[in-house]
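**Student:** Just dropping this structure here.
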Amino acid sequence: MSTRDNQVRFARRRGFTLVELLVVIGIVAVLIAILLPALNGARERANAIKCMSNLRQLGAALLTYTVDHRGCVIPSYTMTGTSGGADVPLEGWAPILDRDGYVRGDRANDASVFVCPDMLDVEGMAGGQTGSDPGKPKGWMDWPNLRLGTANVATTIPSRGFDKIIRVGYWINADNPIGSTASFTPDTFYTSSVGYGPSTDGRFMTYTRTNRFRKPSRLVVLADGVYAGRQRDSRVGTVNSRIGYRHPNDTANVVFADGHAEPLSGKTFPRAAGGPVTIDMAREDNAGENPTVYANPDRFFSGN
């Protein structure tokens with residue numbers, strides 16, 4: 001047999017048959033099916049950890065702000081009157097932190113401490129409420145903004161030092177009765193829309209002070225989500241909820257008034273009284289060592 005014949009026979013032996021190729025492809029597909037959930041799970045855990053780190057940084061910045069301002073809590077935003085409008089741009093807590101050098105931010109969907117890595121690229125409050133779409137609370141809101149009817153239009157406020165837009169993927173626990181004249185109880189939640197008023201009884205919202213906090217280690221400050229307020233609608237799946245349950249098992253990362261952060265389940269997130277949430281339901285949610293949305297739950301439920 002010639003040398004060429006031997007080379008041809010050897011080349012034929014080195015090739016794969018169609019059956020062998022199909023077997024290899026099948027094995028690769030099975031390995032991908034096994035490994036992909038593990039890889040996705042690792043990515044989700046990494047994003048949740050990054051989100052928690054963001055919230056700890058923001059919690060530390062908020063604590064520093066209160067020290068620098070003699071115990072006054074940062075406002076969710078400041079305003080004049082009750083309804084906002086073209087002449088009353090709302091700066092927001094995030095632009096305040098950015099302008100004053102506590103934490104820098106920008107109008108980006110990533111690499112900013114003001115957004116969660118698992119945030120959806122959705123304008124959560126585009127229609128004025130999040131409605132029944134579970135994706136909207138997982139989105140973002142841009143600050144400063146003008147509240148024009150049901151629309152929120154991002155704007156800068158150069159006259160007040162707010163020269164850029166900050167994209168924010170976190171909700172703040174604030175008293176937020178914008179839109180109409182309403183009554184309110186001072187120091188109910190972590191912060192408020194400072195300057196709102198006059199209320200039906202002639203009050204104006206002022207800064208909340210940290211000495212009003214009964215349980216700072218359990219008082220919710222920021223959470224995965226958008227905008228502020230509607231504490232009664234905080235559970236997962238609730239219409240108009242502003243809490244974004246972005247992480248595994250329907251959890252939202254939360255930072256508390258003492259600066260520490262932890263995840264909360266969408267089934268147990270504390271609710272405020274109002275609408276379908278009765279006083280007794282809210283009392284149970286916020287009792288004892290449970291997380292709470294109230295600055296002083298005992299005072300609120302006693303009516304004092």
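The values are calculated or read from the model by the stated rules, or taken from the named source; none is laboratory data. As the structure is a computational prediction, the values presented were derived from the model and not from experiment. All Cβ positions, glycine included, derive from the backbone under ideal geometry; neighbour counts span all protein chains shown.
**Student:** Residues in the range 231-251: is at least one of a type outside the set (Ser, Thr, Tyr) and closer than 17 Å to Lys215 by Cα?
**Tutor:** Keep residues of the range 231-251 that are of a type outside the set (Ser, Thr, Tyr), which gives 231-233, 235-237, 239-240, 242-244, 246-250.
Still in the running and closer than 17 Å to Lys215 by Cα: none.
Checking the range 231-251: not a single residue is of a type outside the set (Ser, Thr, Tyr) and closer than 17 Å to Lys215 by Cα.
**Student:** Restricting the range 55-96 to residues that are among the polar types (S, T, N, Q) and more than 18 Å from Trp143 (Cα to Cα), which is surrounded by the fewest Cβ atoms within 10 Å (Cβ to Cβ)?
**Tutor:** From the range 55-96, those among the polar types (S, T, N, Q) are 57, 64, 66, 76, 78, 80, 82-83; that's our starting set.
Now restrict to residues that are more than 18 Å from Trp143 (Cα to Cα): 57, 64, 66, 82.
Details: Gln57: 17, Thr64: 15, Thr66: 17, Thr82: 21.
Within the range 55-96, the match that is surrounded by the fewest Cβ atoms within 10 Å (Cβ to Cβ) is Thr64.
**Student:** Might you check whether a residue that is basic (Lys, Arg), at pLDDT below 90, closer than 30 Å to Trp171 by Cβ and out of contact with any Cys (no Cβ under 7 Å at 6 or more places or on another chain) occurs anywhere in the range 5-16? Before you say what the answer is, go through the steps one by one.
**Tutor:** So in the range 5-16, the residues basic (Lys, Arg) come out as 9, 12-14.
Keeping just the survivors that are at pLDDT below 90 gives 9, 12-14.
From the residues that got through so far, the ones that are closer than 30 Å to Trp171 by Cβ too are none.
No, the range 5-16 contains no residue that is basic (Lys, Arg), at pLDDT below 90, closer than 30 Å to Trp171 by Cβ and out of contact with any Cys (no Cβ under 7 Å at 6 or more places or on another chain).
**Student:** Does Arg107 satisfy the condition of being among the charged types (D, E, K, R), within 30 Å of Gly229 (Cα to Cα), modelled with pLDDT of 95 or more and loosely packed, with under 11 Cβ neighbours inside 10 Å?
**Tutor:** Values: among the charged types (D, E, K, R): yes; within 30 Å of Gly229 (Cα to Cα): yes; modelled with pLDDT of 95 or more: yes; loosely packed, with under 11 Cβ neighbours inside 10 Å: no.
When the stated conditions are applied, Arg107 does not pass them.
**Student:** Now, a different point. Somewhere in the range 111-118, is a residue under 24 Å from Ala86 (Cβ atoms) and either loosely packed, with under 15 Cβ neighbours inside 10 Å or touching a strand residue (DSSP E or B) at 6+ places or on another chain (Cβ under 9 Å) (or both)? First the steps, then the outcome.
**Tutor:** The first filter runs over the range 111-118 and keeps only residues under 24 Å from Ala86 (Cβ atoms), leaving none.
Checked against the condition, which is being under 24 Å from Ala86 (Cβ atoms) and either loosely packed, with under 15 Cβ neighbours inside 10 Å or touching a strand residue (DSSP E or B) at 6+ places or on another chain (Cβ under 9 Å) (or both), the range 111-118 yields no hits at all.
**Student:** To continue, here is another question. Being surrounded by 22 or more Cβ atoms within 10 Å (Cβ to Cβ) and either over 24 Å from the mean Cα position of the chain (by Cα) or not small (Gly, Ala, Ser) (or both) narrows it down to one residue among Tyr207, Tyr170; which is it? Can you show your working first?
**Tutor:** Details: Tyr207 fails: surrounded by 22 or more Cβ atoms within 10 Å (Cβ to Cβ).
Every option except Tyr170 fails the conditions.
**Student:** Filter the range 277-295 down to residues that are more than 23 Å from the chain's Cα centre (by Cα) and part of a loop (DSSP other than H, G, I, E, B), then give me how many there are.
**Tutor:** Just the residues of the range 277-295 that are more than 23 Å from the chain's Cα centre (by Cα), to begin with: 278-281, 283-284, 287-288.
Those still in the list that are part of a loop (DSSP other than H, G, I, E, B) too: 278, 287-288.
Number satisfying all stated conditions: 3.
**Student:** Free of Cβ contacts under 8 Å to residues at least 12 places away in the same chain and surrounded by fewer than 20 Cβ atoms within 10 Å (Cβ to Cβ): is that true of Gly275 in this structure? Full working, then the answer.
**Tutor:** Details: free of Cβ contacts under 8 Å to residues at least 12 places away in the same chain: no; surrounded by fewer than 20 Cβ atoms within 10 Å (Cβ to Cβ): yes.
Criteria not met by Gly275.
**Student:** Any residue at all in the range 72-86 that is touching a Cys at 6+ places or on another chain (Cβ under 8 Å), at pLDDT 95 or above and β-branched (Val, Ile, Thr)?
**Tutor:** Here is the first cut: in the range 72-86, the ones touching a Cys at 6+ places or on another chain (Cβ under 8 Å) are none.
Checked the range 72-86: no residue is touching a Cys at 6+ places or on another chain (Cβ under 8 Å), at pLDDT 95 or above and β-branched (Val, Ile, Thr).
**Student:** Another question about this same structure. Restricting attention to the range 232-272, which residues are surrounded by 24 or more Cβ atoms within 10 Å (Cβ to Cβ) and acidic (Asp, Glu)?
**Tutor:** Within the range 232-272, no residue meets the criteria.
**Student:** Separate question: May I ask you to list the residues in the range 173-203 that are in contact with a strand residue (DSSP E or B) (Cβ under 6 Å, 6 or more places away or on another chain) and either polar (S, T, N, Q) or surrounded by fewer than 16 Cβ atoms within 10 Å (Cβ to Cβ) (or both)?
**Tutor:** Asn173, Asn176, Thr188, Thr191, Ser192, Ser193, listed by residue number.
**Student:** Out of the residues in the range 126-153 that are hydrophobic (A, V, I, L, M, F, W, C) and at pLDDT 95 or above, which is surrounded by the fewest Cβ atoms within 10 Å (Cβ to Cβ)? Steps first, answer last, please.
**Tutor:** Looking only at the range 126-153, we keep the residues that are hydrophobic (A, V, I, L, M, F, W, C), and these are 126, 140-141, 143, 146, 148, 151, 153.
Next cut, at pLDDT 95 or above only: 140-141, 143.
Values: Trp140: 27, Met141: 24, Trp143: 27.
Once the filter is applied, the top-ranked residue is Met141.
**Student:** Separate question: Exactly one condition in (1) under 26 Å from Ile178 (Cβ atoms); (2) assigned to a helix (DSSP H, G or I); (3) polar (S, T, N, Q); (4) under 15 Å from the mean Cα position of the chain (by Cα) is not met by Asn47; state its number.
**Tutor:** (1)
**Student:** A further question follows. Pairs only if they're at least six apart or on different chains, beta carbon under 8 angstrom, first in the range 172-198 and closer than 17 Å to Leu219 by Cα and aliphatic (A, V, I, L, M), second at pLDDT below 95 and assigned to a loop (DSSP other than H, G, I, E, B); list them, first residue then second.
**Tutor:** Hits for this filter: zero, empty list.
**Student:** Output the number of the condition that Tyr207 fails; it satisfies all remaining conditions of (1) in contact with a Cys (Cβ under 6 Å, 6 or more places away or on another chain); (2) under 18 Å from Phe114 (Cβ atoms).
**Tutor:** (2)
**Student:** Failed condition for Pro248, given (1) of a type outside the set (Gly, Ala, Ser); (2) touching a helix residue (DSSP H, G or I) at 6+ places or on another chain (Cβ under 7 Å); (3) under 17 Å from Thr80 (Cα atoms), with all others met?
**Tutor:** (3)
**Student:** Continuing with this model, one more query. Among the residues of the range 196-213, what is the count of those that are in a helix (DSSP H, G or I) and among the polar types (S, T, N, Q)?
**Tutor:** Residues that pass the stated criteria total 2.
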